[in-house]
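First the structure, in the form of structure tokens, and then the observations on it.
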Amino acid sequence: MIITLNHYLLLAAMLFCIGLYAALAKKNAISILMGIELMLNACIINLVAFNRFMAPDMVVGHVFGIFVIALAAAEVAVGLALVLTVYRDLLSVNIDDFNWLKW
Amino acid sequence: MSVSTIVFWIIAAVVLGSAISVVTAQNLVHAALFMVLTFFGVSGLYVLLEADFLAVVQILIYVGAIAVLIVFGVMLTQRKGMEETNVSSSHKWVTGILVTILMVGFAYAVTRTPWQVSDHAAPESTVGLIGELMLTRFVIPFEIVGILLLVAVLGAIILTKGARRLP
Amino acid sequence: MTQFAIDNSWLIPFMPALAFIMIVFFLRKAPQASALFSIACIFTSFVLALGVVGGILANPTTTEHSVTWFSMPGVSLEMGTLIDPISGMMVFVVTLIALLVQIYSIGYMENDPGYSTYFAYQSLFAMSMLGLVVSNNFLQMFVFWELVGLCSYLLIGFWFYKHSAREAAKKAFITNRVGDFGFLLGILFLQILFGTLNFTDLADIIPTYTNIGLLTVVALLVFAGPIGKSGQFPLHVWLPDAMEGPTPVSALIHAATMVVAGVYLIARAFFLFVAVPNALMVIAYVGGFTAFFAATIAITQNDIKRILAYSTLSQLGYMVMALGVGGLTASMFHLMTHAFFKALLFLGAGSVIHALHNKQDIWEMGGLAPKMPVTTKTFVIAALALAGIFPLAGFWSKDEILLAALSNGYTGLYLIGTFVAFLTAFYMFRLVFVAFYGEPNPENHPHESPKVMTVPLIVLACLSVVGGLVGMPWLKTNFGSYIYFGEAHHGYSLSIMLTSTLVALAGIYLAYLMYYKKTISAEAIAHRFQPIYKLLYNKYYIDEIYQWFINRVVDGAGRVAYWVDLYVVDGVVNGLANGTKWGGYLVRYLQTGQTQHYGMVLIAAVVVIVILLGLIDPSMGIFAGGGAK
């Protein structure tokens, strides 16, 4: 049995769905950040897999993967800063308590 | 069945199993550690995909920086005990169904699409190629990412410390 | 001089307008200066009017000057003056009466707190009336028509602190609205049908127009204006109530000038009415009926000014009837003579009221003759003139009307006219005998009015005596040689003259017997014909019928409309608003404020869109894409 592109893509899709579930269904803000990291990882797997199977002699997918990693680092830094700021005000990281968007 | 196939299945099992554990673990610290494990697994996948440089970067940044940041975040926000710190919301079933449907859609799309696969071999080492691309063709995105990181760092500092007007 | 006056006839209305502006803006604080300035201006107009009359007597032509007011595609409106014998006569009468009344008002309105305002209104009225008279088109006439209505409203309600005056002013204004609405519709019809409102142009076009049915409607709509303004039945109700205004106002506006504006309008637009005989017939019968109707009411009234008011209505009916039967000359002639003696009657009544400190009931007067000789003499002259006694003014004009009615085949109207002449003589001398020669009322200490009031009376008395002579049928060139429609004709009938004189004398004699000698008891007759007397005394209950109509029908319709507005219109509007509001209440529970819920909806929407795309056309959808080439 040969591992094809589909295997990698399905694996990435599953990882993405797990991350999405974490982002949408967890109460803790930090869990949500972790979910987002999982989703970003799934994206990078896709990029690299496409690169490997469809244009192996170019490394454009890798370059994009590095960019995404940089974005993820920036995202998690700002995200954690936001969580900490909110935590100072509410003494809570429970996303159910953040309901300022209400009417 | 070749070795790489076996390795892929093992790594896939590790990645998915640890990712599910990230979601299901009741203790947030455990979840963070499972996430680190996921990152390692993904790094292994990169090795299988012959992306050696990216695998190293994955470990360096994700495991070395982001995971540590997350753990710091956990440490700074959890005052009481760590039990029951990673619970799901009341709408988890709805989310679960939604995510399942999405997964089915992905699977359908992926399997239905006739991918045009190339049979070229991957280059021996990717580092040199990546560096060349980054400083030639992708120099502007590269610079922009640098600025983005700078802004993100400044933003994180200002958000946590608060901005103060100069005298 | 005469040519100057004719060519610059716009100055005639302009002078009182100047007075109005000066008084309103500069002279308000100086009552005497206001009065003098106002009189000076109207005197200038009067001199100009004399010039116009002189010019017309020398050369009876039509002079028209106009400027374009504004124009747009399809409509061109102008303002201008039209001087011909009719408007020349009217200008003369209006300026003369206005001048005399303003002089008289110096005495009558003495010590009134609104002295300056009064003269401002008088000037405004004179301006409007003169503007109406010299108009060369319907629209300009309508503008001034409304302005005189406004002045009438202001002057009826001059003593606005009196409730009855306020009510009367409103009544006059609203009743006139009804007629003016018809008039306006008529004007719009004319503009649409003929594309011009100019009298001269219309006079050329209308005889060639063939759709007589539509033209009849237009003519009757235009006639609605005179019905309101000239107090014809059934819109006569405002005129008796208008007597709440100061008496000189009644003399000027509600007897001599403004109320004849309607008659003047019919005469001015006579080409329109002549083209439709049916409309003319309606006019004749409305006028005849009004003449009879108002005269019967007048014989039972007790208020001196109300008697005169009903008399005015009756005489206006006469004029309208004369126009209806085709006697333009007779109508205009009667308009002029009536202006003289009716103004005199009102001013005389004002003199009496002034002397008796606002008593108006004739039964509370009595025995005024020795104390107020000038007033009495002039009043009796006016009464004789109104009754139509030879050779006073009313005799000539009334005979002209009766002759016109008879010679044009309206025998019924002739008989009514003759009977009305009898009633007129009777009620006028009932008034004279009761108020001036009756038992003196010991409460009263009458005194003759000052010179400033009696001199206008004397002038008007002279005019009442000689004013009719210009229309003597035996003259080679008389009134009818200048003012006529179609062809001038001279004619007279000795039998008509004799009959009307005898009838008038009979009326006077009956009044003499009943109210001076008292050989016939008025009370007994009133008692015998109790229902008729009550009917007449209550003015045929017209006011009550209108009140009923307004209370029941108009208010009822208003209540229905109110209900509809409240529950149907507002219901729809409020229902929409409430539906939105409750919808908002329901929908706002979707807004939980939870970012995750929003995110879930977002993802769900993406899923749905993807599925739909896949279902609609899988081959064209995103699934067929990817890296496939």
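Quick rundown of the values:
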| quantity | calculated |
| --- | --- |
| Sole exception among (1) out of contact with any Lys or Arg (no Cβ under 9 Å at 6 or more places or on another chain); (2) small (Gly, Ala, Ser); (3) touching a residue at least 12 places away in the same chain (Cβ under 8 Å) for B:Ala122, by number | (1) |
| Count - residues of segment C:142-198 that are out of contact with any helix residue (DSSP H, G or I) (no Cβ under 6 Å at 6 or more places or on another chain), among the hydroxyl-bearing types (Ser, Thr, Tyr) and in a helix (DSSP H, G or I) | 0 |
| Answer from B:Leu45, B:Leu54, B:Leu28 - the residue that is touching a strand residue (DSSP E or B) at 6+ places or on another chain (Cβ under 8 Å), in contact (Cβ under 8 Å) with a residue 12 or more places away in the chain and either on the phi > 0 side of the Ramachandran plot or buried (at least 20 other Cβ atoms within 10 Å of the Cβ) (or both) | B:Leu28 |
| Some residue of segment C:199-211 being over 20 Å from C:Phe142 (Cβ atoms), outside any helix (DSSP H, G or I) and not polar (S, T, N, Q) | yes |
| Boolean, A:Phe16 is surrounded by fewer than 23 Cβ atoms within 10 Å (Cβ to Cβ), in a helix (DSSP H, G or I) and either more than 11 Å from chain C (Cβ to nearest Cβ) or among the aliphatic types (A, V, I, L, M) (or both) | no |
| Some residue of segment C:471-479 being under 27 Å from the mean Cα position of the chain (by Cα), surrounded by 15 or more Cβ atoms within 10 Å (Cβ to Cβ) and touching a residue at least 24 places away in the same chain (Cβ under 8 Å) | yes |
| Matching residues, segment A:28-48, being outside any helix (DSSP H, G or I) and more than 7 Å from chain B (Cβ to nearest Cβ) | none |
| Counted residues, segment C:219-245 - those being in a helix (DSSP H, G or I), farther than 15 Å from C:Ile307 by Cα and in contact (Cβ under 8 Å) with a residue 40 or more places away in the chain | 10 |
| Segment C:471-501: number of residues that are at pLDDT below 80 and in a helix (DSSP H, G or I) | 5 |
| Selected residue [closer than 22 Å to C:Tyr509 by Cα and either free of Cβ contacts under 8 Å to residues at least 24 places away in the same chain or crowded, with 21+ Cβ neighbours inside 10 Å (or both)] from C:Ala322, C:Ala291, C:Ala309 | C:Ala291 |
| Cβ pairs under 7 Å, 6+ apart, first in segment C:73-97 and in contact (Cβ under 8 Å) with a residue 12 or more places away in the chain and farther than 30 Å from C:Met453 by Cα, second assigned to a loop (DSSP other than H, G, I, E, B) and among the aromatic types (Phe, Trp, Tyr) | C:Thr81/C:Trp10 |
| Filter result (at the interface with chain A (Cβ under 7 Å from one of its Cβ atoms) and within 30 Å of C:Ala605 (Cβ to Cβ)) within segment B:71-104 | B:Asn86, B:Val87, B:Ser88, B:Ser89, B:His91, B:Lys92, B:Thr95, B:Gly96, B:Val99, B:Leu102, B:Met103 |
| Residues (assigned to a loop (DSSP other than H, G, I, E, B) and either more than 7 Å from every other protein chain (Cβ to nearest Cβ) or crowded, with 19+ Cβ neighbours inside 10 Å (or both)) located in segment A:49-97 | A:Met58, A:Val59, A:Leu91, A:Ser92, A:Val93 |
| Segments classed as helices (runs of 4 or more DSSP H), wholly inside segment C:531-619, with at least 2 members that are within 14 Å of chain A (Cβ to nearest Cβ) and either under 44 Å from the mean Cα position of the chain (by Cα) or surrounded by 12 or more Cβ atoms within 10 Å (Cβ to Cβ) (or both) | C:595-616 |
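The values are calculated or read from the model by the stated rules, or taken from the named source; none is laboratory data. Since the structure is predicted, the reported quantities are computational estimates derived from the model, not experimental observations. Cβ atoms come from the backbone with ideal geometry, glycine included; neighbour counts cover every protein chain shown.
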